[in-house]
Amino acid sequence: MPSNEQRREAAKRKLERQLERRAARARKRKQLTIAASALGVVVLVGAIAVVVTLTRENDSTNDASAAETTSDHTPGVMPIGRAEPLPQFVSCTYTPDGQEPAKPVEPPRTDDIDTTVSTVSVSMETTQGNIGLTLDNAESPCTVNNFLSLASQGYFDNTPCHRLVTSEGLKVLQCGDPTGTGTGGPGYGFANEFPTDQYSVGDPSAQIPVTYPRGTIAMANSGQPDSNGSQFFLVYEDSQLPPQYTVFGTIDETGLETIEKVAAAGDDGSMAAGGGAPNLPIDITSVRMD
């Protein structure tokens, strides 16, 4: 039977663990609040709703459930590749979202998407210079399939990169909306892939910002399930975001120089979610496979 001293020590350790968990949740809520502007990469209202929902869920979590939650990932660290490779062929789902396409376009094919083609080289010509992309088909095949389908139909041709963000911790150029408003899309949506699909449902690590490295190309979304469409963002300096944005390729050095030239001119600050239209306008003139 434990002595009074042992019981006091056990109670003290339990209290210290509870305080540590509460402090960790407070830090997480602060991180999510900071990420609110980043979550608004397409629709500010949708982004704020996601952050509020997450915060409320965290507030209602008691010490016991927090202690029981486990994760296979180090919080705040981007997974390094897939834990398991995808099968040779996968099927993709592109679901109509009830919105009129920003440009007439057909959804991509859905069956027998070959993942053994590891990468695809693409040239994106813009009014400010060439941006070379290497698309990561082995990691995010449905996203790459969608991007190539849109490109082949001329969806991106003669469209603006409508949003530049130059704030501390988030430095991106966002493109892919022919309307230039940040609300346009192809009329359908699809689910996140890497790195989001490497987290289990309910894993709190999936909501903690990680580093999206300089040179990353990733999909923008509204924060709602299956809300990827045509908008994407180009990371020109390491940026902090929750791993809820599909990474599907990298940008070459020439492309980064082009984006940095645009970023150096700043933005007009017109978007409530952060950033605004680039002061040095940049339009995509064509996107073609090399």
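Summary table below
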{"read-out": "Residue that is farthest from Pro178 (Cα to Cα), among those in the range 250-259 that are open to solvent by 20 Å² or more (accessible area, probe 1.4 Å) and within 20 Å of the chain's Cα centre (by Cα)", "value": "Asp252"}
{"read-out": "Single residue of Leu256, Leu234 found to be in a helix (DSSP H, G or I) and touching a strand residue (DSSP E or B) at 6+ places or on another chain (Cβ under 8 Å)", "value": "Leu256"}
{"read-out": "Residue in the range 209-216 that is closer than 25 Å to Ile284 by Cβ, part of a loop (DSSP other than H, G, I, E, B) and open to solvent by less than 10 Å² (accessible area, probe 1.4 Å) present", "value": "yes"}
{"read-out": "Residue under evaluation Ala272, criteria (1) within 11 Å of the chain's Cα centre (by Cα); (2) open to solvent by 10 Å² or more (accessible area, probe 1.4 Å), criterion not met", "value": "(1)"}
{"read-out": "Every residue from the range 181-203 that is open to solvent by 10 Å² or more (accessible area, probe 1.4 Å), touching a residue at least 60 places away in the same chain (Cβ under 8 Å) and of a type outside the set (Phe, Trp, Tyr)", "value": "Thr183, Gly184, Gly185, Gly187, Ala191, Gln198, Ser200, Gly202, Asp203"}
{"read-out": "Meets criteria (open to solvent by 10 Å² or more (accessible area, probe 1.4 Å) and part of a strand (DSSP E or B)) for Thr285", "value": "yes"}
{"read-out": "Some residue of the range 217-239 being over 30 Å from Glu106 (Cβ atoms), surrounded by 22 or more Cβ atoms within 10 Å (Cβ to Cβ) and at pLDDT 95 or above", "value": "yes"}
{"read-out": "Boolean, Thr115 is over 20 Å from the mean Cα position of the chain (by Cα), in contact (Cβ under 8 Å) with a residue 24 or more places away in the chain and under 18 Å from Met289 (Cβ atoms)", "value": "yes"}
{"read-out": "Subset of the range 146-167 [open to solvent by 10 Å² or more (accessible area, probe 1.4 Å), under 17 Å from the mean Cα position of the chain (by Cα) and more than 16 Å from Ile282 (Cβ to Cβ)]", "value": "Ser167"}
{"read-out": "Selection count, the range 103-145, where residues are among the hydrophobic types (A, V, I, L, M, F, W, C) and open to solvent by 40 Å² or more (accessible area, probe 1.4 Å)", "value": "1"}
{"read-out": "Hey, Thr70 within 24 Å of Pro209 (Cα to Cα) and at pLDDT below 95 or not", "value": "yes"}
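The values are calculated or read from the model by the stated rules, or taken from the named source; none is laboratory data. No experiment lies behind these values; they were computed from the predicted model shown. Here Cβ is always computed from backbone atoms with ideal geometry, including for glycine, and neighbour counts include all displayed protein chains. Calculation scope for accessible area: heavy atoms of the full protein, side chains included, ligands and nucleic acids excluded. Shrake-Rupley method; radii C 1.70, N 1.55, O 1.52, S 1.80 Å.
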